[in-house]
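Written out below as structure tokens is the structure these notes cover.
The values are calculated or read from the model by the stated rules, or taken from the named source; none is laboratory data. On a predicted model such as this, the values are computed, not experimentally measured, just so you know. A quick note on method: Cβ atoms are made from the backbone with ideal geometry, for glycine too, and the neighbour counts reach across all protein chains shown. For accessibility, only protein heavy atoms count, side chains too; no ligands or nucleic acids. Shrake-Rupley method; radii C 1.70, N 1.55, O 1.52, S 1.80 Å.
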Amino acid sequence: MNNKRERVMAIDVLIAGRLPPNVLPQLKAGFRLHTLPADAAAADVMLAELGPSIRALLTNAAQGAPESLLAALPNLEIISSSGVGTDALNVAIAEARGIHLGTTPGVLTDDVADAGIMLMLAASRRLLPAVRNVREGKWLRDLELSNRVTGKRLGIFGLGQIGQAVARRAAAFDMTIGYHQRTPNPQVPYRYFDSLRELAADSDFLMVIVPGGAATENMINGEILDALGPDGILVNIGRGTTVDEPELIRALQSGRIRAAGLDVLANEPHVPPAMLELDNLVLIPHYASGTTETRLAMGQRVADNLLEYFRDEL
């Protein structure tokens, strides 16, 4: 066996999260791939034996890279994660250790923006109760009228790439668009609000598209929901931890806001039982980027992150 092949086979990769189907086939020829067992005891045995040899970690934005896992990988050089979120990746630890971090920015923007519009429409037009009525043979019986989207006011909390993509789509509905984030963006034509509360008070729909983590935890609280008001609708396609879920449930139950559409929850995949009883809540399972096209594009980026990093050794 030649020296180049020996170097390739010396690159050990740990798989510690769900990945798109096109990732591993591209890496099998050049890397030793090890899948972390779901059983904690079996995982500990594997890490005790293989941890020091692992140079790359493959994961995703939801399952992330727990601190305990990183501690078991003393020679880790790169984390390649499927997704754009970094709040579960322990970035501070990775940076302190000089670990390269690769994510999949850009490739999921359009699908997540589409899903934000979908949730906005579904919540406002009472899609799920209408579908249920048809399936149960009720047709229009006991079905309340829905509410218009066209011409309404959309507040976007977090006007990054996805937020701007949502705004472009909302413009087709003749919506008035405002936004809030830490600093205004002089490149966009939308109205900037100095505070989240002011944005909510001026919005018919409030769409949340900010990262998770301590800085945004429970920012959508009772005060913000009350500012949004009884005719307002909340949509979250960012991170579940941004919303105070018990307060949201109370607001939906009491009519303090009209409805909500959520792609994310604070403790996924666990759904608070009270949410399942709400007719004015549309809930999907962190699925906004869940199209074949986007998943394959994300998978390609995950594989490319490794292939580019180890290019000189392949």
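Output the Kirkwood hydrodynamic radius of segment 158-314, Cα pairs only, in Å rounded to one decimal. Intermediate values should be presented prior to the final figure.
Values: mean 1/r = 0.0584 Å⁻¹.
Result for segment 158-314, one decimal place: 17.1 Å.
Starting from the Cα coordinates of segment 6-63, work out the convex hull volume and express it per residue in Å³. If you can, show how the numbers build up before the last one.
Numbers: hull volume 4.8 nm³, N = 58.
Per-residue hull volume (Cα only) is 83 Å³.
DSSP loop chymotrypsin sites (Phe, Trp or Tyr not before Pro) in segment 123-225 with at most 16 other Cβ atoms within 10 Å of their Cβ, which ones? Can you show the working numbers first?
On the way: sites: TRP139, PHE157, PHE173, TYR179, TYR190, TYR192, PHE193, PHE205; in loops: TRP139, PHE173, TYR190, PHE193.
Of the chymotrypsin sites (Phe, Trp or Tyr not before Pro), the ones in loops of segment 123-225 whose Cβ has at most 16 other Cβ atoms within 10 Å are TRP139, PHE173.
I want to verify the translational diffusion coefficient of the chain in µm²/s; compute it with Stokes-Einstein, Rh as the Kirkwood radius over Cα pairs, at 4 °C and 1.567 mPa s.
61 µm²/s
Can you give me the angle between helix 161-171 and the longest principal axis of the chain, using Cα atoms only, in degrees from 0 to 90, rounded to the nearest 10?
Value to nearest ten degrees: 30.
What residue among THR241, PHE157, GLN300 has its Cα farthest toward the positive end of the dipole of the chain, where the charges are +1 on Lys, Arg and -1 on Asp, Glu, each on the Cβ?
GLN300
Would you compute, for the Cα atoms of segment 70-112, the largest minus smallest coordinate along each principal axis and list the three values in descending order, in whole Å?
For segment 70-112, the Cα extents along the three principal axes come out at 37, 15, 15 Å.
Summing Lys, Arg as +1 and Asp, Glu as -1, what charge do residues with Cβ under 11 Å from the Cβ of THR86 carry, THR86 excluded? Write out the running numbers ahead of the final one.
Numbers: positive: ARG239; negative: ASP87, GLU95.
Every neighbour counted, the sum reads -1.
Relative to the compact globular guide of 2.2 N^0.38 Å, what is the alpha carbon radius of gyration of segment 264-314, as a ratio?
Dividing the Cα radius of gyration by 2.2 N^0.38 Å gives 1.83.
Positive end of the dipole of the chain, charges at C-beta (+1 Lys, Arg; -1 Asp, Glu), about the Cα centre: which of MET275, ALA65, GLY83 has its Cα farthest in that direction?
It is GLY83.
Tell me, what % of the accessible area of the chain is carbon and sulfur with a 1.4 angstrom probe?
Values: 8100 of 15530 Å².
So the carbon and sulfur contribution to the accessible surface is 52 percent.
Note down the magnitude of the dipole of the chain about its Cα centre, charges +1 on Lys and Arg C-beta and -1 on Asp and Glu C-beta and zero elsewhere, to the nearest 20 debye.
Details: 29 positive and 36 negative charges, 167 e Å.
That gives a dipole near 800 debye.
If you bin every alpha carbon distance in segment 1-122 into 5 Å steps from zero, what whole percent lands in each bin?
2, 10, 19, 21, 19, 13, 7, 5, 3, 1, 0, 0
Where Rh denotes the Kirkwood radius from the mean inverse Cα pair distance, what is Rg over Rh for segment 126-189?
1.20
Calculate the length of the line joining the C-alpha centroid of segment 268-292 to that of segment 103-151, in whole Å.
13 Å
Sum up the charges of everything whose Cβ sits under 15 Å from the Cβ of LEU140, counting Lys and Arg as +1 and Asp and Glu as -1, but leave LEU140 out.
Values: positive: ARG125, ARG126, ARG132, ARG135, LYS138, ARG141; negative: GLU136, ASP142, GLU144.
Surrounding charge for LEU140 is +3.
Can you tell me the Rg and Dmax of segment 52-125, counting just the alpha carbons, in angstroms?
Reported Rg and Dmax, both Å: 15.9, 54.
Taking Rh as the Kirkwood radius computed over C-alpha pairs, what is the Stokes-Einstein D of segment 156-245 at 20 °C in a medium of viscosity 1.002 mPa s, expressed in µm² per second? Kindly include the intermediate steps, with their values, before the conclusion.
Working: Rh = 13.1 Å.
Answer, rounded: 164 µm²/s.
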